[in-house]
Structure formats: C-alpha cells, structure tokens
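**Q** What follows is a single structure, and I will ask about it in a moment.
The values are calculated or read from the model by the stated rules, or taken from the named source; none is laboratory data. All figures in this text were calculated on a predicted structure; none of them were measured in a lab. Here the Cβ is made from the backbone with ideal geometry for all residues, glycine too, and neighbour counts use every protein chain on show. Areas reflect the complete protein model, heavy atoms only, side chains present, ligands, DNA and RNA absent. Shrake-Rupley method; radii C 1.70, N 1.55, O 1.52, S 1.80 Å.
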Amino acid sequence: NNLAIVYFENGDTTMARSYFEKALELRLKFKNFKAISESYYNLGDYYFYTSDTDKAIYWYTKSLDFSRKNNLKSETSDALIALAEVAKSINDYKGATIYLEQDQAIQNEISLQNSEDDDELSRLKEQIIRMEIEANVENAGIDSPEKGVAKLKWEWLVIGGLSIIVVFILLRRRKTA
C-alpha cells in the first residue's frame, strides 16, 4: 500500500494501481477488516485523483458498505466524506449534503461511544479507589515494612534503656547489700 502511494506521488499511476490492488488482495487474504476498508478507500482515492469519478464512487461506496457491515465507524466516516467530495466535484450538492449529514450522524455515534467509554473508565476508577480504601481498612492494623523497622528501632532503644536502668538498679542493690 505504501509502495502504491510512493508510485502515485511520483506520477507512475500504472504501478500505483497495481500495488493498491496487490495490497487489497493481501488484506482480503488475511481478513484485516480495517485494512480492507482502507484498500477500498485508497482505490477510490486513486480513481478520484486520476479523474475517473465513476470508479471513484464505486470504490468509495465499496469502502462505505464494507465499513458499515463491519461496524467500522471511523472508516465509514472517511468514506462518506470522500463520497461528499466526489459529489461536490461533479456539482451534485444535494448528494454531497446527504453524505455529510450521514457523516454527522456517524460522528454523533462516535462521540456517544467515546462518552460511554469515558463513563465506563470513570466507574472502573471509582471501583478501584473503593477497593483500595477497603484494602487499607482491612490492613489498618498492619504496619508497612518501613514503619515496622522504624517502630522496631524505637522499641529496641526503649528496651535497651530500660535494661541499662535495671542493671544499674541491680548493681546498686548489690553494693548496698
């Protein structure tokens, strides 16, 4: 596909079309739906930019139908915008408007889906926070390793100090006895 684009950019449209078609064959073989839709779209672009609007409409429509069938919203939007461009180029402004209205509906669906995804992420974050809070409550009596070491050092100092006092008291009692 990239080779096709390079050939097209360099003006070799015959090699470009050949590579676009080879890319489509490979993508169909591997059943990569997004890539298949892109190949149909690229062939539409190829024909649009070589001024064959009938074939451009054919390939863009093929991309549109395939994208819709496979619920590829972004690719559906791309195909609708491309079809609107073709319609505009042949002075079919009513057709262009229809394609753009359909694209707007797809954009609304994409926004709604993104919003739902954001809401789901927020719910999951809240659930994680609640679980962390519950885990901290359950572990409230357990000190972290750093706190345990610090507490242990303080306790040993107190024990050591008390031991010295006890030894001192015992030594004093011996002397007085």
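**Q** For the stretch 118-125, indicate whether the set of residues that are open to solvent by less than 70 Å² (accessible area, probe 1.4 Å), among the hydroxyl-bearing types (S, T, Y) and farther than 28 Å from L80 by Cβ is non-empty.
**A** Yes, the conditions are met somewhere in the stretch 118-125.
**Q** Now, a different point. Could you tell me how many of the residues in the stretch 65-78 are of a type in the set (G, A, S) and either in contact (Cβ under 8 Å) with a residue 40 or more places away in the chain or open to solvent by less than 20 Å² (accessible area, probe 1.4 Å) (or both)?
**A** Selection size over the stretch 65-78: 2.
**Q** Can you tell me how many residues in the stretch 22-42 are surrounded by 15 or more Cβ atoms within 10 Å (Cβ to Cβ) and free of Cβ contacts under 8 Å to residues at least 40 places away in the same chain?
**A** Count: 9.
**Q** Only one residue in I106, I133 is part of a helix (DSSP H, G or I) and modelled with pLDDT of 90 or more, so which one is that?
**A** I106
**Q** Quick check on my filter: what residues within the stretch 79-96 are in a helix (DSSP H, G or I) and open to solvent by 70 Å² or more (accessible area, probe 1.4 Å)?
**A** I81, E85, K88, Y93, K94 - these are the residues of the stretch 79-96 that are in a helix (DSSP H, G or I) and open to solvent by 70 Å² or more (accessible area, probe 1.4 Å).
**Q** I'd like the full set of residues that are of a type in the set (A, V, I, L, M, F, W, C) and surrounded by 13 or more Cβ atoms within 10 Å (Cβ to Cβ), limited to the stretch 106-115.
**A** I106, I110 - these are the residues of the stretch 106-115 that are of a type in the set (A, V, I, L, M, F, W, C) and surrounded by 13 or more Cβ atoms within 10 Å (Cβ to Cβ).
**Q** Another question about this same structure. Determine which single condition T53 fails, assuming it passes every other condition in (1) farther than 19 Å from N1 by Cβ; (2) buried (at least 20 other Cβ atoms within 10 Å of the Cβ); (3) not acidic (D, E).
**A** Of everything listed in (1) farther than 19 Å from N1 by Cβ; (2) buried (at least 20 other Cβ atoms within 10 Å of the Cβ); (3) not acidic (D, E), T53 misses just condition (2).
**Q** Before we move on, is K62 assigned to a helix (DSSP H, G or I) and surrounded by fewer than 16 Cβ atoms within 10 Å (Cβ to Cβ)?
**A** So K62 fails the test.
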